[in-house]
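One structure below.
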Amino acid sequence: MNASAGVSFPSDSSTSAARTIMADALRAADPVGSRAIENETNWRRSYLTHFRRAVEAGIGDAGAARTIAADGLSSAHGLMRFDAVGLDEAIDGTALAQAFHTRTIHGTAEPETALSIPYRGERLSGAALLDQLERWVADGVITRSASEAVQTVQDNPDWLRLDGDTVVVLGAGAEMGPYRALQRWGARVVALDLPRTDVQERIRAVATEGAGTTHVPARIVTNGADDSGADLLTELPGIAHWLGGLEGRLVLGNYCYADGGTHVRLSMAADALAEHLTRQRPDTALAFLATPTDTFVVPAEEVRQADAAYTRRSTSRLLRTPLRVVSGGRLLARHYAPGADPGVCDALVPQQGPNYALAKRLQRWRATAARDAGTTVSLNVAPATRTRSVVKNKALAAAYAGAHRFGVEIFDPATSNTLMAALLAYDLRAGAAPQQEPWQDEAVNAAHGGLWTTAYDPRSALGLAAVLGIGALRG
């Protein structure tokens, strides 16, 4: 597909667009930070500092945090194009778009009536699930609030069906999305993914074997080809029109992933869709998964766990001082200043690159802006997971293999997507009120996998984790 087709950057450079968006995001709330971005000469190497600053500028100032989100989104929408016109003009316009009709697939199984989560070869439910939740909390793998939320869903199994809601899963074939869990629970789902035979066959198989109702977009074709699926990048206006005609409250969930600048383009297509639907249908809810490899503000409880881990860390206490001396302080740096309240966990991973960071930051900004407007939002930090996109990156795969040496648990996809689907059900049914500051909303129900509570600054331990993980991968 031509990179300029459909949703596209204003030029061939995603770097230029990213710098503009980040500088505009900080312009009002942190003018010095904005100028630093504009004067940056090595974006790919130094973007980590600027993305962290865009979080720190909102700590203790909810108005500044919301301004950063709103101004960043405004800049992105002003920059991005759809073919020859602006993105918002294209999705709201009346120009001829691909017309879709609805194909419905009914599952053949009975819906699950109790919450269960697959974990290390078992399927945990009842007391076994409660015990595992408590172990994760004690080990600093998930927050106490995440454990309590999952327990609440366990106590209210009727929530699993999400009756009355139609969950639109953008990127239904993604490993981290809730599509499979929602099908097991008997929910009504829109499964939207690329019009490719292999992708659509997987979607149909899950739908048929499940217990829910699945709607997929379909087009009229005359050559015998598969007519299911839609491309969010090139068929955005038609998708918006089709979704607008579906019944029930829509829950628009962005679970799309792609490499490089395409990930940003997908995030912007989903964001334009979110803005359009929440304006046209104000009861629309939004859902996202936040990556743990980003910069987050974390509560004092997680800081205390990290401080305790730093004190007792037997693996590295003997090596810590010489490694820090030899590396000039770059290795095994203490995670937080003692007693920090709140702390800042900077787990941005250079190997994932600035496009990945921007794509995920756009989602966090939309969640902040939507909450401020009164929209129901589910955005939860998901644990680091062994997805195909991670396994194919040798450096990340090695780091993940060695992460347990530093108190970080890497999840299997089946565990992650079911756990996060349960948290989605909680968010949509519990009706929790927004917190005082946006960072507090992001800290609630976080399943960070231990990155927030590890003894060391994540990047200062990443290289060592990779070295230790190479042997495990070879084994």
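A few points about this structure:
- Within the stretch 33-53, residues that are among the basic types (Lys, Arg) reach partners that are in a helix (DSSP H, G or I) and modelled with pLDDT under 95 with beta carbons closer than 9 Å, at six or more positions or on different chains, in the pairs Arg44/Thr15; Arg44/Pro350; Arg44/Gly353; Arg45/Pro350.
- Pairs, first assigned by TED's automatic domain parsing to the domain that holds Gly245 in the stretch 101-129, second modelled with pLDDT of 95 or more and aromatic (Phe, Trp, Tyr), C-beta under 7 Å, six or more apart: Pro111/Trp185; Glu112/Trp185
- For the stretch 153-173, the condition of being in a loop (DSSP other than H, G, I, E, B), of a type in the set (D, E, K, R) and in contact with a helix residue (DSSP H, G or I) (Cβ under 9 Å, 6 or more places away or on another chain) holds for none of the residues.
- Yes/no for Tyr119 being modelled with pLDDT of 95 or more, of a type in the set (Phe, Trp, Tyr), buried (at least 17 other Cβ atoms within 10 Å of the Cβ) and under 20 Å from the mean Cα position of the chain (by Cα): no
- Unmet requirement for Glu110, which otherwise passes all of (1) loosely packed, with under 11 Cβ neighbours inside 10 Å; (2) acidic (Asp, Glu); (3) at pLDDT below 95: (3)
Rundown of residues vs (1) farther than 17 Å from Asp427 by Cα; (2) within 17 Å of the chain's Cα centre (by Cα), yes/no style:
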| position | (1), (2) |
| --- | --- |
| Ala340 | yes, no |
| Gly343 | yes, no |
| Asn355 | yes, yes |
| Arg361 | yes, yes |
| Arg366 | no, yes |
| Asp372 | no, no |
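- Search result, residues across the stretch 425-440 that are more than 25 Å from Arg135 (Cβ to Cβ) and either within 14 Å of the chain's Cα centre (by Cα) or assigned to a loop (DSSP other than H, G, I, E, B) (or both): Gly431, Ala433, Pro434, Gln435, Gln436, Glu437
- Residue among Gly229, Gly210 that is within 21 Å of Pro118 (Cβ to Cβ) and surrounded by 18 or more Cβ atoms within 10 Å (Cβ to Cβ): Gly210
- One residue from Leu252, Leu266 being among the aliphatic types (A, V, I, L, M), under 14 Å from the mean Cα position of the chain (by Cα), outside any loop (DSSP other than H, G, I, E, B) and surrounded by fewer than 23 Cβ atoms within 10 Å (Cβ to Cβ): Leu266
- Residue count for the stretch 421-450 satisfying the condition of being in contact (Cβ under 8 Å) with a residue 60 or more places away in the chain, closer than 17 Å to Pro299 by Cβ and small (Gly, Ala, Ser): 5.
- The set of residues in the stretch 374-424 being among the small types (Gly, Ala, Ser), closer than 10 Å to Met176 by Cα and not in a helix (DSSP H, G or I) consists of Ala382 alone.
- Screening Ala70 with (1) surrounded by 15 or more Cβ atoms within 10 Å (Cβ to Cβ); (2) over 30 Å from Ala23 (Cβ atoms) gives one miss only, at (2).
- From the options Leu79, Leu87, residue that is aliphatic (A, V, I, L, M), crowded, with 16+ Cβ neighbours inside 10 Å and closer than 20 Å to Arg281 by Cα: Leu87
- Of all residues in the stretch 16-52 being at pLDDT 95 or above and β-branched (Val, Ile, Thr), the one that is nearest to Leu358 (Cα to Cα): Ile21
- Filtered residues of the stretch 175-204 (kept if under 18 Å from Pro413 (Cα atoms), surrounded by fewer than 23 Cβ atoms within 10 Å (Cβ to Cβ) and not β-branched (Val, Ile, Thr)): Glu175, Met176, Arg180, Arg184, Arg202
- Among the residues of the stretch 133-157, those identified as without any contact (Cβ under 8 Å) to a residue 24 or more places away in the chain and surrounded by fewer than 20 Cβ atoms within 10 Å (Cβ to Cβ) are Glu134, Arg135, Val137, Ala138, Glu148, Gln151, Asp155.
- One residue alone among Ala181, Ala174 is at pLDDT below 95, under 19 Å from the mean Cα position of the chain (by Cα), within 19 Å of Val251 (Cα to Cα) and of a type in the set (Gly, Ala, Ser), and that residue is Ala174.
The values are calculated or read from the model by the stated rules, or taken from the named source; none is laboratory data. All figures in this text were calculated on a predicted structure; none of them were measured in a lab. Note that each Cβ is placed from the backbone with ideal geometry, even for glycine, and that neighbours are counted across all protein chains shown.
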